[in-house]
1. Could you tell me which residue of the stretch 127-175 is farthest from Lys53 (Cα to Cα), considering only residues that are touching a helix residue (DSSP H, G or I) at 6+ places or on another chain (Cβ under 6 Å) and basic (Lys, Arg)?
2. Limited to the stretch 50-68, what total is found for residues that are under 26 Å from Tyr206 (Cα atoms) and modelled with pLDDT of 90 or more?
3. Would you mind stating whether Glu95 is assigned to a loop (DSSP other than H, G, I, E, B), closer than 19 Å to Lys47 by Cβ and of a type outside the set (A, V, I, L, M)?
4. Quick test of your reading of the structure: Thr40 fulfils all but one of (1) modelled with pLDDT under 90; (2) surrounded by 13 or more Cβ atoms within 10 Å (Cβ to Cβ); (3) β-branched (Val, Ile, Thr). Name the failing condition by number.
5. Counting only residues that are loosely packed, with under 14 Cβ neighbours inside 10 Å and among the β-branched types (Val, Ile, Thr), which one in the stretch 86-137 is farthest from Val199 (Cα to Cα)?
6. Can you report the number of residues in the stretch 57-84 which are outside any strand (DSSP E or B) and in contact (Cβ under 8 Å) with a residue 40 or more places away in the chain?
7. Can you say whether Ile117 is of a type in the set (Val, Ile, Thr), more than 30 Å from Arg162 (Cβ to Cβ) and in a strand (DSSP E or B), as far as the supplied structure shows?
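The values are calculated or read from the model by the stated rules, or taken from the named source; none is laboratory data. Remember, predicted model here, so these are calculated numbers, not experimental data. Please note: Cβ atoms are built from the backbone with ideal geometry, for glycine as well, and neighbour counts cover all protein chains shown.
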Amino acid sequence: MEGAQGHMLERKNKFRAIFIGAILLLGAGMPPSCADESITFGPRETKIEGSIKYLALGNYTAHFKDFKGQVIWDENSRQVRSVYLNITAASIKSEHPRYDRLALSRRLLYARRYPKIIFKSDKIIRDGSGYKVEGVLEMRGIKRRMLFPFKAGIAIDEETKRKILEIRGRWVINRKDFNIIWNKYLDQGGVLVSDDFIVDWGIRAYIK
């Protein structure tokens, strides 16, 4: 009787060990998502500004007033995991309303037909100079894979003593990749208008 009970106990312990081992193996294969924090942002704490060289004006510089985004931040490794940005094209604003209307027109952003500019990362690379984010930028209904550098760091709010995530980046985008043509007769070689436009953006958000 004792032999049978001992055998059953041994089998139970063996089964328990296999069951616990399986849980540990499954847990080891799962990403450490418990440390990831989703940080949302908008115009209140973030700036998105674009500029392009224009012969008649010097530089046309404008900012977007309506947008939203999300950054996934891993507190343990102090790394950015992903970046998402959704901009309302019609919210562009500068000190030159005439050129704002031109920017929104069919010739350029064509905001009425393509109301959103969207970037979604699928890969984050960290090196000695900071980060590089790779993903898909959609503008004017055209999607292109892009690679952009950015920097991220942690600061402390002196008043609240809370941690603040600060991210700054610069995107250099060839407008012709997205079929943005200023003038099909005069727009040759970037003489009238530069082929590249620059987007500077900065995020400042509290970490929970």
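1. So, considering only residues that are touching a helix residue (DSSP H, G or I) at 6+ places or on another chain (Cβ under 6 Å) and basic (Lys, Arg), the one farthest from Lys53 (Cα to Cα) is Arg144.
2. Matching residues across the stretch 50-68 total 6.
3. Yes, satisfied.
4. Unmet for Thr40, out of (1) modelled with pLDDT under 90; (2) surrounded by 13 or more Cβ atoms within 10 Å (Cβ to Cβ); (3) β-branched (Val, Ile, Thr): (2).
5. The qualifying residue farthest from Val199 (Cα to Cα) is Ile125.
6. If we filter the stretch 57-84 for residues that are outside any strand (DSSP E or B), which is where we start, we get 57, 65-66, 75-78.
Adding the requirement that they be in contact (Cβ under 8 Å) with a residue 40 or more places away in the chain leaves 57, 75-78.
Matching residues across the stretch 57-84 total 5.
7. yes
Yes or no, residue by residue, for (1) outside the structural domain of Ile173 (by TED's automatic domain parsing); (2) closer than 26 Å to Val136 by Cβ; (3) touching a helix residue (DSSP H, G or I) at 6+ places or on another chain (Cβ under 9 Å):
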{"residue": "Phe67", "(1), (2), (3)": "no, yes, yes"}
{"residue": "Gln70", "(1), (2), (3)": "no, yes, no"}
{"residue": "Asp74", "(1), (2), (3)": "no, yes, yes"}
{"residue": "Ser77", "(1), (2), (3)": "no, yes, yes"}
{"residue": "Val83", "(1), (2), (3)": "no, yes, no"}
{"residue": "Ile92", "(1), (2), (3)": "no, yes, yes"}
{"residue": "Arg98", "(1), (2), (3)": "no, no, no"}
{"residue": "Leu102", "(1), (2), (3)": "no, no, no"}
{"residue": "Arg107", "(1), (2), (3)": "no, yes, no"}
